[in-house]
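Reading through the structure tokens given below for one structure.
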Amino acid sequence: MKIGITTSETSFANYPKWIKGDDDIEIIELSFEKYDIISSVKCDGIVLTGGVDVMPSNVDYENAPSQFYPVRDQFEKEILALALLEKKPILGICRGLQLINLYFGGDLILDLGEKNLTHKKGETDRIHTINIDKNSKLFDIIGQEKGEVNSAHHQAINHLANCLNISAIDDGGIIEAVELNGEFNQFLVAVQWHPERMLDQNSPFTKNIRKAFLKAISNNKNK
């Protein structure tokens with residue numbers, strides 16, 4: 001099994017370590033700096049990772065990064081397009097969720113303002129409760145309606161893209177997870193938290209997501 005993981009400016013090592021675990025998995029780093037689109041064709045599944053904000057048309061907003069990476073934005077959109085075309089399982093994490101929503105025509109809240117006290121990373125990740133839609137694929141994966149996740153973001157989905165369904169929100173109404181609606185018949189789940197670095201790696205909000213993603217890849221390969 002080969003899994004492509006897009007490189008991130010921060011904490012990249014957490015992603016391959018989490019995905020690989022003790023399994024026989026080959027990790028392929030998909031680097032925007034090398035712009036090696038062809039490598040993604042060899043992958044059985046794709047992980048779109050966290051990192052610096054996707055560059056908006058107006059870069060003057062609260063808590064904007066000092067540097068954007070528009071080349072990364074474009075590279076990951078092309079990776080996503082190919083994975084969708086080839087019906088490969090896709091997992092989005094934090095920025096990955098936001099990029100997926102933008103790709104399909106949605107938009108973002110550029111800064112959460114006072115809600116950053118709940119969501120934006122301080123010295124460590126924030127912790128808060130989310131609520132899962134019982135009719136979602138995510139509920140089938142997690143197996144519970146509520147739970148605690150970590151949080152390290154200051155942006156969130158504003159208008160949801162038409163082809164996505166909301167699968168989880170927090171108590172304040174911030175979208176915490178989305179999935180591709182059923183008519184696409186493809187595994188695409190994206191979460192706003194960071195399962196790869198949750199302190200409790202036995203939590204279903206990390207362990208079950210990884211398991212479901214790997215199962216979707218295995219099932220797809222055996223078609």
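Before moving on, here are some points about what is shown:
- When Ile3, Ile19 are screened for being touching a helix residue (DSSP H, G or I) at 6+ places or on another chain (Cβ under 9 Å) and part of a strand (DSSP E or B), only Ile3 passes.
- Test: Lys121 is within 22 Å of Val47 (Cα to Cα), in a loop (DSSP other than H, G, I, E, B) and out of contact with any helix residue (DSSP H, G or I) (no Cβ under 9 Å at 6 or more places or on another chain): yes
- Checking every residue in segment 41-57 against the condition of being part of a helix (DSSP H, G or I), over 30 Å from Glu114 (Cβ atoms) and in contact (Cβ under 8 Å) with a residue 12 or more places away in the chain gives at least one match.
- If only residues of segment 44-72 that are among the acidic types (Asp, Glu) and within 20 Å of Ile175 (Cβ to Cβ) are counted, the one that is nearest to the chain's Cα centre (by Cα) is Asp53.
- Scope segment 125-147; condition of a type in the set (D, E, K, R) and either over 14 Å from Ser203 (Cα atoms) or surrounded by 13 or more Cβ atoms within 10 Å (Cβ to Cβ) (or both); matching residues: Asp125, Arg126, Asp133, Lys134, Lys137, Asp140
- Test: residue in segment 83-96 that is over 20 Å from Trp193 (Cβ atoms) and in contact with a Ser or Thr (Cβ under 8 Å, 6 or more places away or on another chain): yes
- Whichever residue in segment 2-40 is touching a Gly at 6+ places or on another chain (Cβ under 9 Å) and open to solvent by 70 Å² or more (accessible area, probe 1.4 Å) and, among such residues, is nearest to Arg210 (Cα to Cα): Lys2
- The C-beta contact set for segment 79-103 (first residue farther than 13 Å from Val189 by Cβ and of a type in the set (A, V, I, L, M), second residue modelled with pLDDT under 95 and open to solvent by less than 20 Å² (accessible area, probe 1.4 Å), distance under 6 angstrom, 6+ apart or interchain) comprises Ile79/Ser40; Leu82/Ser40.
The values are calculated or read from the model by the stated rules, or taken from the named source; none is laboratory data. These numbers come from a predicted model, not from an experiment. In this analysis, Cβ positions are derived from the backbone assuming ideal geometry, glycine residues included, and neighbour counts consider all displayed protein chains. The area values use the complete protein model at the heavy-atom level, side chains included, leaving out ligands, DNA and RNA. Shrake-Rupley method; radii C 1.70, N 1.55, O 1.52, S 1.80 Å.
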